[in-house]
Amino acid sequence: MWSTAAWWWAHHHIRLLLPALFLAAALFFFLASPRSSPSFFALPASREHSPSGSRLIWAQRRLAEWRPCEWWQTAMPAPSTRNGYIRIDCYGGLNQLRRDLCDGIAVARLLNATMVLPKFEVAAYWNESSGFADVFDVDHFIEQTRGYVEVVKDMPEEISLKEPFKVDCRKRKGHFDYVETVLPALLEHRYISLTPAMSQRKDRYPAHAKACYCQGCYNALQLNKKVEAKAMELLQAIPKPFLSLHLRFEPDMVAYSRCEYSALSSKSLDVIEAARGEDRNVLIGDAARLWRNRGKCPLTPSETAFILQALGIPTETNIYLAAGDGLMELEGFTSIYKNMYTKSSLLTHEDFERMHGNTKAALDYYVSVNSDAYVTTFFGNMDKMVTAMRTMQGLQKTLVLSRRAFANYTAAGLAGDQLAKAMWDAHREDYIMGRGLALPEHCFCEFKL
């Protein structure tokens, strides 16, 4: 027999436990019952989905994204007195020119110089002869840089009649101080032309020079009216919605990579060999394996198509090919993604033939910035600018395909569905975390969502 105290204790606690047990059973029934849509509390992991079937990379909920920082969008006026005039000399194709110009804008402010309109050097390699005003809106550039750095169209006559003193920093390596190395020449000659260093770290610049870089690069460089009108015409001709793909697999690029491709056509192998030259021998053995696993080898068009399928991008997607001439093995892509469009297929023959190389590159840039989605197989100068400008506009459907992940998984023996699954996981992680875009951290800030 229970004592009176024991009976009271059991009776009291059972009264308290019964409602809790009933609530637990109800919750289990509610959460376990079949429902028309997945439970919020039971979102399936990515591995439970077919990589190329029911999931699309753009449908993944992002956990972080990048936006332009607010701090640099307020001008930091320069001192009223200037140390002289500086012209930025830029070399290469359009995107190399833009890279050098962005750096030069920051240097002009760093040296407290008045900047004259930049000079785009004739580049025989790119078959190019257009100048700054042939591509960009001069008045917009001057207006948008006001308050950050002074830009003028004309100089005093006593200055403009003489040639600038040349300062070429292209071959400078490591960190060096522009104030220590270039300012003395500016003070002495009062007018210099500067070619910026290609690898200078801008995170060490003072805040006013960083702000000048961000404003000049991302708000001040706008296509001129004529080029923009042609770019808008091209954009309107592309069926919507569409994905812009920057695919790089030209002979010179493959030759420069020093990577071996055994599965290419004999025609492609011949043109690669012709572009290779004496100083670009193919890597072999462990060196070749390590180089490829570091992501140094360009993706072929067929590899690109495989990855896009792995990311759930439908094969009927409209794709604008943002690329130059000479792409090899393109049938490996178009045999799968058939709705492909190019500048030459959408513009009249006369329009296309009259265009300079910089104008063609500007059209690709404009279309890519304004596309519904942007994917690139190689992260070069154009891709850095396009991803930054898409971020400025809040366009987040942007992805850099991982050559490193593809190389490492194929080296591990993965193929078919296993490889597709691995590529899905690798790119999904990058996309939802906002990684891989290499945005300048002094211009763009990370936001957790």
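For residue 114, the solvent-accessible surface computed with a 1.4 Å probe is close to 10 Å², ligands and nucleic acids excluded. Here the accessible area of the stretch 327-392 is 50 percent carbon and sulfur, with a 1.4 angstrom probe and all protein chains present. The 3J(HN,Hα) values that the Karplus relation (6.51, -1.76, 1.60; θ = phi - 60°) gives for the stretch 253-264 are, in residue order, 5, 5, 4, 5, 5, 6, 9, 9, 10, 8, 9, 8 Hz. Gly and Pro appear as x. Taking every DSSP beta bridge that has both ends in the stretch 85-222, the antiparallel portion is near 5%.
Looking at the stretch 85-222, the accessible area is 44 square angstrom per residue; that uses a 1.4 Å probe and ignores ligands, DNA and RNA. Local charge for residue 327 was computed over the other residues whose Cβ lies under 15 Å away, with Lys and Arg +1 and Asp and Glu -1, and equals -3. Backbone amide hydrogens, once placed in the peptide plane, bring residue 246 within less than 5 Å of 322, 375, 376, 377, excluding anything fewer than 5 places away on its chain. Among 269-281, 242-254, sorting by the average number of other beta carbon atoms lying within 10 angstrom of each residue, highest first, gives 242-254, 269-281. For the pair residue 138 and residue 263, label points projected 7 Å from Cα toward Cβ lie 5.2 nm apart. Measuring against 27 Å, Cα to Cα, the residue pairs 343/384; 240/448; 119/202; 210/448; 119/230; 166/202 contain 240/448 as the ones spanning a longer distance. The phi torsions of the stretch 313-328, fed into the Karplus equation with coefficients 6.51, -1.76 and 1.60 and a -60° offset, translate into couplings of 7, x, 6, 8, 4, 6, 10, 8, 8, 8, 7, x, 7, x, 4, 9 Hz, rounded to whole numbers, with Gly and Pro shown as x.
As a length-normalised measure over Cα pairs under 8 Å and 6 or more apart, the relative contact order of the chain settles at 23 percent. Packing, taken as the mean count of other beta carbons within 10 Å per residue, orders the peptides 91-100, 185-194 from highest to lowest as 91-100, 185-194.
The values are calculated or read from the model by the stated rules, or taken from the named source; none is laboratory data. Remember, predicted model here, so these are calculated numbers, not experimental data. For neighbour counting, all protein chains shown are included, and Cβ atoms are generated from backbone atoms with ideal geometry for every residue, glycine included. To get the accessible areas, we keep the full protein, side chains included, count just its heavy atoms, and leave off ligands, DNA and RNA. Shrake-Rupley method; radii C 1.70, N 1.55, O 1.52, S 1.80 Å.
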